[in-house]
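Engineer: Handing you this structure, nothing more for now.
The values are calculated or read from the model by the stated rules, or taken from the named source; none is laboratory data. Model, not experiment: these values are computed from the prediction. When we count neighbours, we look across all protein chains shown, and the Cβ atoms used for this are built from the backbone with ideal geometry, even at glycine.
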Amino acid sequence: MSSLLLCYITDRTQFPGNEVARRARLLEKISKAASAGVDYIQLREKDLPTCDLELLAREAQKILQQLRTENRELRTKLLVSSRTDVALAVSADGVHLPSHDLSPREVRSLASRAPAPVGLTISQSCHSPEEVQQAAENGADLALFAPVFEKKAAPGTKPAGLEALREACQCNIPVLALGGVTLENANDCLRAGAAGIAAIRLFQEHDMAEVVRRLRQLQQGQET
């Protein structure tokens, strides 16, 4: 079985305090996520103007680069949500695409025409097995399938459920379960075939290292 993929999705607006305090807390969480071995950090700060988002992304990338000099085995990748231009500007590892945004093929074309062409890791939001299949056909590296369960932040949102997740995981692309995932139900996602877990609150509201450790333990249980 391949290593469990973990993706921390950021949301600084959930932190208390003013904007300066929230950004500081977010960067601290990013550092802890990378140190704990999270595979992907999706910088998802949709309300920020371009210049502020670019600054925040540069600060996050600087943290990851510093951690990489201290630990050459660190493999955490920074994905900028929605903004391919910002991802390219700060030399991020990749970009996350909402559904009905640019296609992965279009993003790769943009990246190939950049002053310093780069190979971006591309994840894409998907809400049905059909969208997962399309993401795979369009060249995405991984799909974030959501919402699997009802989300606290959006009660009433109809969850896709485990059966739809199971169907989505039949596609030829790693699928990460997202939406209402907890330590209690994460194992159900793995049994359905998910390659990993993506979350905001699960990582952001708890001790990062402990959450990562317990999720990794779930995978070990699957293998025995």
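Engineer: All but one of (1) more than 18 Å from LEU178 (Cβ to Cβ); (2) modelled with pLDDT of 95 or more; (3) not in a helix (DSSP H, G or I) hold for LEU56, so report the exception by its number.
Structural biologist: Here LEU56 clears every test but (3).
Engineer: Continuing with this model, one more query. Quick check, is ALA34 modelled with pLDDT of 95 or more, under 30 Å from GLU131 (Cα atoms) and either small (Gly, Ala, Ser) or part of a loop (DSSP other than H, G, I, E, B) (or both)?
Structural biologist: Working: modelled with pLDDT of 95 or more: yes; under 30 Å from GLU131 (Cα atoms): yes; either small (Gly, Ala, Ser) or part of a loop (DSSP other than H, G, I, E, B) (or both): yes.
It is true that ALA34 is modelled with pLDDT of 95 or more, under 30 Å from GLU131 (Cα atoms) and either small (Gly, Ala, Ser) or part of a loop (DSSP other than H, G, I, E, B) (or both).
Engineer: While we're on this one: Does SER91 qualify as being at pLDDT below 95 and either on the phi > 0 side of the Ramachandran plot or buried (at least 17 other Cβ atoms within 10 Å of the Cβ) (or both)?
Structural biologist: It is true that SER91 is at pLDDT below 95 and either on the phi > 0 side of the Ramachandran plot or buried (at least 17 other Cβ atoms within 10 Å of the Cβ) (or both).
Engineer: Which fully enclosed helices (runs of 4 or more DSSP H) of segment 97-185 have 3 or more residues being in contact (Cβ under 8 Å) with a residue 60 or more places away in the chain, among the hydrophobic types (A, V, I, L, M, F, W, C) and surrounded by fewer than 18 Cβ atoms within 10 Å (Cβ to Cβ)?
Structural biologist: Numbers: elements: 104-112, 129-137, 162-168.
So the answer is none; nothing clears 3.
Engineer: Which residue is surrounded by the most Cβ atoms within 10 Å (Cβ to Cβ), if the candidates are limited to segment 1-30 and must be among the polar types (S, T, N, Q), part of a loop (DSSP other than H, G, I, E, B) and in contact (Cβ under 8 Å) with a residue 12 or more places away in the chain?
Structural biologist: THR10
Engineer: Just to be sure, is ALA33 in contact (Cβ under 8 Å) with a residue 40 or more places away in the chain, in contact with a strand residue (DSSP E or B) (Cβ under 6 Å, 6 or more places away or on another chain) and crowded, with 19+ Cβ neighbours inside 10 Å? Even if it seems obvious, please write down each step before you answer.
Structural biologist: Values: in contact (Cβ under 8 Å) with a residue 40 or more places away in the chain: yes; in contact with a strand residue (DSSP E or B) (Cβ under 6 Å, 6 or more places away or on another chain): yes; crowded, with 19+ Cβ neighbours inside 10 Å: yes.
Answer is yes for this residue.
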